[in-house]
Amino acid sequence: MRTSLFLPLSLALVVAAVPAEPRPGPGPGSAPDGAGPVLVNQIGYATGADKIATVVATAAKPLGWQLRDDKGRTVASGSTRVVGADKASGDHVHQADFSRATGEGVRRLTVAGAGTSVPFTVSRKPLYPDLGREAMGYFYFHRMGTPVEAEHLQYAAHAHGALHPGDNSVPCYKNWCDKSDGKKGRRSGGKAQRLNVAGSWADAGDFGVYPVNHAIAAWTLLNLYERERTAYGDGSLAVPERANGVPDLLDEVAYGSRFMSGMLPKTGLASHKVHNHTWSAFPVKDIAAENAMPRSAMPPSTNATYAVARTNAQLARVLRPFDTMRADALWLSARDAWQRAEGQPDVDYPEANDGTDAEGGGDYADTQNSDDRYAAAAELYLTAEQRGDRAATRYRGAVTGSAHYGEIAPVDWSRVAAAGTLSLLAVPNELPAADLARMRANLRTTADALVDTQRSEGYPALLPGTDAYPWGSNSAVVNRMLLLGTAYDIGRDRRHLKAMHRAMDYLLGTNAMRISYVTGYGRHRETDLHDRLAWGQYPKTPYPKGWLSGGPNSALINDPVTPTGRPAAKSYAGPGTAPSAWGSKENTINWNAPLVWVATYLNSTAPDLTAR
């Protein structure tokens, strides 16, 4: 990922500078042709969910529709509602609401003068029983520093050797970490420092590791665990650590987060990122050649240091019942990182192309540090209180004294305050009851606004069509689904859960591109994404199931194939463009993590939308 995808409810877009990537020619991968004009969730609907198809039709008056079962019998009928011009897509649309048709089975929707949908299922059972687990497989596939073995993969052909095993000894770019406390000219003596950043996930379409982005991906998965302790227990995932007595979800996050402590040099702030000196080839067909590329830890930032603090503090909290030694080491590292960041609270990562870093990775530039401090303070406070650590009082003061205290908004890597608040709502603590009640009320209000936004759109996105779609717009959707799910947990307002289901309808086919944005799901689905390894190594093998495409991007397009000049919801690259489509078809750890969260949550709450 190259830039911010934060799209707050105020509609303000935050967009960072983005470096250009190599522009290879087209390859053998292909995106699907879209479905016809009667657009549904290509997987199906819960019996008690809102079941609303979007129909692309120029008719100014309602059109008749019929819902038929797998034997062609009509089980429901009605007329469409004319929505009219949909601003996000430019389409003239109708909506066909067949929510009252609660009978189970395979269905197809036919609309007079428009056509017939793909077949789908209406069911009382979970609609996506395997999606969360398959989406978790994304992280094992992208492990670096260890061979990725066939026995743990969906497709054995995807096995590959270790990527960047040399990350256990990475130089600091231009020896920046030998300058004590960031002051030029002061050396630590002896050999130049090297950092041990082994144990990570490849961040996105490239092989960089970035604490600020990793932190929000790790938080999302750990938040799922802290809200649903039975999610992905020991032996439930195909990971090497299964059957070790630790929940597999925690094993995966613990592996991918090993590098975080190693981002801290002997003194001073954490490295902002580690990546190659030049962009990797696309596709990567020779792992040995990739591993031989020069690679360094780039200069430090305050935000990266707070990211280390909050990830390690949260991991220390959840791992403590299973591995006290590891938890204690993570806790020490978290406290150390916090102290370092507090000592240098406003060191922002330098802008691109100023000579302080190499060009082979994303910037993740962010000049606001207060939200990072608040999120880190929240995790440190919760963990200190769990451990009975006297420092809990100090961290609590940093939480309650922050301007972000209680903030609720969609999260992304560059705006993380709400992650701190959601942790405060997930983990028992001693904050004033009135404060926690206000946070819950704010969450419900935010969820209500998301419901209103969705209802005002022709397609069931949770994004307002009056604005641009940001880079990674699909992650903006799933992160809003996370807020809806958390709000439903608190208030049991079925509107919030139904809105989550409708947002999944958007991802799985009820969208302007007429495709499912999740690999392996739907008749008309995305089949190739911007991933250097997956695309290049396995041209004759399907992509793994459960990878989320970034989605339409009209806010910042810097690749040669994502179309410009189109409506926001149609700013998406077409068939065979994966190598050059990093602006819209990239996949990342912090986009797949919320997909895991929402898929798991929708499965666990399936009984709540059984028709009554």
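The values are calculated or read from the model by the stated rules, or taken from the named source; none is laboratory data. Being a predicted model, the structure only gives us computed values, none of them experimental. FYI the Cβ positions are ideal-geometry reconstructions off the backbone, even for glycines, and counts take in every protein chain you see. In case anyone asks, the SASA skips ligands and DNA or RNA and just uses the protein heavy atoms, side chains included. Shrake-Rupley method; radii C 1.70, N 1.55, O 1.52, S 1.80 Å.
Assuming R0 = 56 Å, can you tell me the calculated FRET efficiency for the pair residue 292 and residue 228, based on Cβ-Cβ distance, to the nearest 0.05?
The formula returns an efficiency of 0.85 here.
Over the Cα atoms of segment 79-221, what radius of gyration and what Dmax do you get, in Å?
For segment 79-221, the Cα-based Rg and Dmax read 26.0, 79 Å.
Would you mind giving the three semi-axes, in whole Å and largest first, of the ellipsoid equivalent to segment 355-408 according to its Cα gyration tensor?
30, 14, 9
Residue separation times 0.36 nm, minus the C-alpha to C-alpha distance between residue 467 and residue 151: what's the value?
Result for the pair: 109.3 nm of gain on full extension.
Across segment 405-544, how large is the tail of the calculated P(r) beyond 22 Å, expressed as a percent of all Cα pairs?
48
Residue-wise, which Karplus ³J(HN,Hα) couplings in Hz belong to segment 377-392, taking 6.51 cos²θ - 1.76 cosθ + 1.60, θ = phi - 60°, and x for glycine or proline?
Whole-Hz 3J(HN,Hα) from phi for segment 377-392: 4, 4, 5, 5, 4, 5, 6, 4, 5, 4, 7, x, 7, 4, 5, 4.
In segment 210-259, how does Rg compare with the Kirkwood Rh, expressed as the Rg/Rh ratio over alpha carbon atoms?
0.98
Tell me the label-point distance for the pair residue 541, residue 356, using the 7 Å Cα-to-Cβ offset, in nm and rounded to one decimal.
It works out to 4.2 nm between the two label points.
Which number comes out as Rg/Rh for segment 523-563 once both Rg and the Kirkwood Rh are worked out on C-alpha atoms?
The Rg/Rh ratio comes out at 0.99.
Along Cα→Cβ, 7 Å out, is where each label goes; now give me the distance between the ones at residue 435 and residue 329 in nm to one decimal.
Result: 3.3 nm between the two label points.
Show me the three semi-axes of the equivalent ellipsoid for segment 272-361, from the C-alpha gyration tensor (sqrt of 5 times each eigenvalue), largest first, rounded to whole Å.
Semi-axes, largest first: 31, 21, 8 Å.
Below 8 Å between Cα atoms, with a sequence gap of 6+, how large is the relative contact order for the chain in percent?
21
5 Å is the cut-off here: which amide hydrogens, built 1.01 Å from N in the peptide plane, fall below it relative to residue 79, excluding neighbours closer than 5 in sequence?
65
As I understand it, the dipole of segment 80-202 uses +1 on the Cβ of Lys and Arg and -1 on the Cβ of Asp and Glu, about the Cα centre. Which of 119, 173, 199 lies farthest toward its positive end?
It is 173, whose Cα lies furthest towards the positive end.
Across the Cα atoms of segment 171-307, what radius of gyration and what greatest pairwise Cα-Cα distance (Dmax) are found, in Å?
17.2, 52
Can you pull the percent of Cα pairs in segment 459-541 with separation above 19 Å?
48
Using the eigenvalues of the Cα gyration tensor, what equivalent ellipsoid semi-axes result for segment 323-419 when each is taken as the square root of five times the eigenvalue, whole Å, largest first?
27, 18, 13
Can you compute the modelled spin-label distance between residue 389 and residue 277, with each label point 7 Å from Cα toward Cβ, in nm?
Between residue 389 and residue 277, the label points sit 3.9 nm apart.
Take every Cα-Cα distance within segment 489-610, group them into 5 Å bins from 0 onward, and report for each bin the whole-number percent of pairs it holds.
2, 11, 19, 22, 18, 13, 8, 5, 3, 0
Going down the table (125/585; 179/273; 51/87), which pairs top 29 Å between alpha carbons?
Beyond 29 Å between Cα atoms: 125/585.
Just to check, using Stokes-Einstein with a Kirkwood Rh over alpha carbon pairs, what's the diffusion coefficient of segment 50-127 at 20 °C and 1.002 mPa s in µm²/s?
In µm²/s, the coefficient rounds to 165.
Please give the contour-minus-distance gain from residue 124 to residue 243: 0.36 nm per residue of separation, less the Cα-Cα distance, rounded to one decimal in nm.
Gain in length upon complete extension: 39.6 nm.
Rounded to the nearest 500, what is the 222 nm mean residue ellipticity of the chain from helices alone, with -39500 (n - 2.57) per DSSP H run of 4+ residues and division by all residues?
-10500 deg cm²/dmol
Which of 132, 518, 92 sits closest to the plus end of the dipole of the chain, meaning its Cα is farthest towards the positive end, when Lys and Arg get +1 and Asp and Glu get -1 on the C-beta?
Positive-end residue among those listed: 92.
Of the heavy-atom accessible surface of the chain (probe 1.4 angstrom), what whole percent is carbon and sulfur?
Whole-percent figure for carbon plus sulfur exposure: 50.
Find, among the trypsin sites (Lys or Arg not before Pro) in segment 153-259, those assigned to loop by DSSP (not H, G, I, E, B) with at most 12 other beta-carbon atoms within 10 angstrom.
183, 184, 186, 187, 191, 229
Looking at the chain, which longest stretch skips every one of the chymotrypsin sites (Phe, Trp or Tyr not before Pro) that is in a DSSP loop with at most 16 other Cβ atoms within 10 Å, leaving the sites themselves out?
The longest uninterrupted stretch comes out as 323-612.
Which FRET efficiency value, to the nearest 0.05, do you get for residue 60 and residue 104 by plugging their Cβ-Cβ distance into 1/(1 + (r/R0)^6) with R0 = 51 Å?
In this case the efficiency is close to 0.90.
I'd like the trypsin sites (Lys or Arg not before Pro) in segment 540-605 restricted to DSSP loop residues with at most 10 other Cβ atoms within 10 Å, sorted by number.
In loop regions of segment 540-605 (DSSP not H, G, I, E or B), the sparsely surrounded trypsin sites (Lys or Arg not before Pro) are 540.
Using +1 on the beta carbon of Lys and Arg, -1 on that of Asp and Glu, and nothing else charged, what's the dipole of the chain about the Cα centre, debye to 20?
860
With no solvent and one point on each alpha carbon, what is the Debye value of log10 I(q)/I(0) for the chain at q = 0.09, 0.12 Å⁻¹?
-0.67, -1.21
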